[in-house]
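Notes for the one structure printed next.
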Amino acid sequence: MESALYLGKLRHRRFSPREHHFTYPVFMAFLDIDRLPELLGVSPFSSYNRWNWIAYNERDHFGDPKKRLRQRLREDVARHGIELPSGKIFVLTHLRYLGYVFNPVSFFYCYNEAGELAMILSEVNNTFGESHNYWLTPETQQPNAAALRYITPKQMYVSPFHPMDLEYVWIFTPPGEQLVAHMNTLAEGHPNFDATLQLERRPWNARELLRILARYPLMSLRVTAAIHWEALELWVKGVPVYRHPGKVARQAAAVASKGQFPG
């Protein structure tokens, strides 16, 4: 397994309470986390931890950016009582483009010494600056599935058009010439939304990087624009809006405080 670019499409489908779907082209980097400075030096247009047309910056992922990414992964997974495999780890992610980045989700593919895919981390970010890590391990994996399939409860508010009481069903194919990452959300056991990344592998080299950058020069900005445009369409369709639970709790606390201390 080597670092690569993955090019393809992202599809979103909503089934209830209103039907809505869209598809748009996307590309992502698939990088060996132990070789990031070397890999980002492949082109004069790419950089590690400094501004460029395309760049990787350590602060764009969870944890202390002064620590190596593998160490941050090891510390985070240990909090769940799990040991990180000792083989290669690759991150599938959006990079910075002219200094801007937004990653709705990054996937860390963790291999053991035998080269087998042992676990996956889904690092989910929302547009409110919050992040949550979902560790997909043999403990959360469903047996007898044709692809890698995991179930986890939703732990973080992501979209105002989704309630919190959902389950995520994650489905992956091992990265190869093709890569599929799929997520269903279940409400009371019934699917109400899914998202699918369907990608094809391209080599990680200066020529391929320049070709894709010329085609999609501001990938992260396209992602953010698409999120807000689709949110507007959902609002126009009358899809219910769910408030951030943290904001609701803060307002409830403020009301209670005023009740205890009138005037």
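Descriptive notes on the structure:
- For residue 90, the test of being surrounded by 13 or more Cβ atoms within 10 Å (Cβ to Cβ), touching a strand residue (DSSP E or B) at 6+ places or on another chain (Cβ under 7 Å) and at pLDDT 95 or above is passed.
- Within the stretch 1-50, the residues that satisfy the criterion of being over 30 Å from residue 87 (Cα atoms), under 21 Å from the mean Cα position of the chain (by Cα) and either without any contact (Cβ under 8 Å) to a residue 24 or more places away in the chain or in a loop (DSSP other than H, G, I, E, B) (or both) are 21, 23.
- Scanning the stretch 177-202 for residues that are among the polar types (S, T, N, Q) and within 22 Å of residue 20 (Cβ to Cβ) yields 184, 185, 192, 196, 198.
- Spans of helices (runs of 4 or more DSSP H) in the stretch 165-263 with at least 2 residues buried (at least 16 other Cβ atoms within 10 Å of the Cβ) and either charged (D, E, K, R) or modelled with pLDDT under 85 (or both): 219-236
- For the stretch 203-236, the set of residues classified as within 24 Å of residue 22 (Cβ to Cβ), more than 20 Å from the chain's Cα centre (by Cα) and of a type in the set (D, E, K, R) consists of 215, 233, listed by residue number.
- There is at least one residue in the stretch 46-62 that is out of contact with any Leu (no Cβ under 9 Å at 6 or more places or on another chain), surrounded by fewer than 13 Cβ atoms within 10 Å (Cβ to Cβ) and either at pLDDT 95 or above or farther than 30 Å from residue 241 by Cβ (or both).
- Of all residues in the stretch 78-135, those satisfying the criterion of being out of contact with any Asp or Glu (no Cβ under 7 Å at 6 or more places or on another chain) and of a type in the set (Ser, Thr, Tyr) are 93, 97, 100, 109, 111, 122, 127, 134.
- Among residues of the stretch 175-194 that are free of Cβ contacts under 8 Å to residues at least 60 places away in the same chain and of a type in the set (S, T, N, Q), those with a beta-carbon under 8 Å from a residue that is part of a loop (DSSP other than H, G, I, E, B) and surrounded by 13 or more Cβ atoms within 10 Å (Cβ to Cβ) at least six positions away or on a different chain give the pairs 185/154; 185/162; 185/166.
- Residue in the stretch 83-102 that is touching a Pro at 6+ places or on another chain (Cβ under 9 Å), over 21 Å from residue 127 (Cα atoms), touching a residue at least 40 places away in the same chain (Cβ under 8 Å) and not hydroxyl-bearing (Ser, Thr, Tyr) present: yes
- Verdict on residue 43 being out of contact with any helix residue (DSSP H, G or I) (no Cβ under 7 Å at 6 or more places or on another chain), of a type in the set (Ser, Thr, Tyr) and at negative phi: no
- Matching entry among 111, 56 (being farther than 16 Å from residue 184 by Cα, hydroxyl-bearing (Ser, Thr, Tyr) and in contact (Cβ under 8 Å) with a residue 60 or more places away in the chain): 111
The values are calculated or read from the model by the stated rules, or taken from the named source; none is laboratory data. Computed from a prediction, not measured in an experiment: that's the story for all the values here. Heads up, the Cβs are rebuilt from the backbone with ideal geometry, glycines too, and the neighbour counts pull from every protein chain shown.
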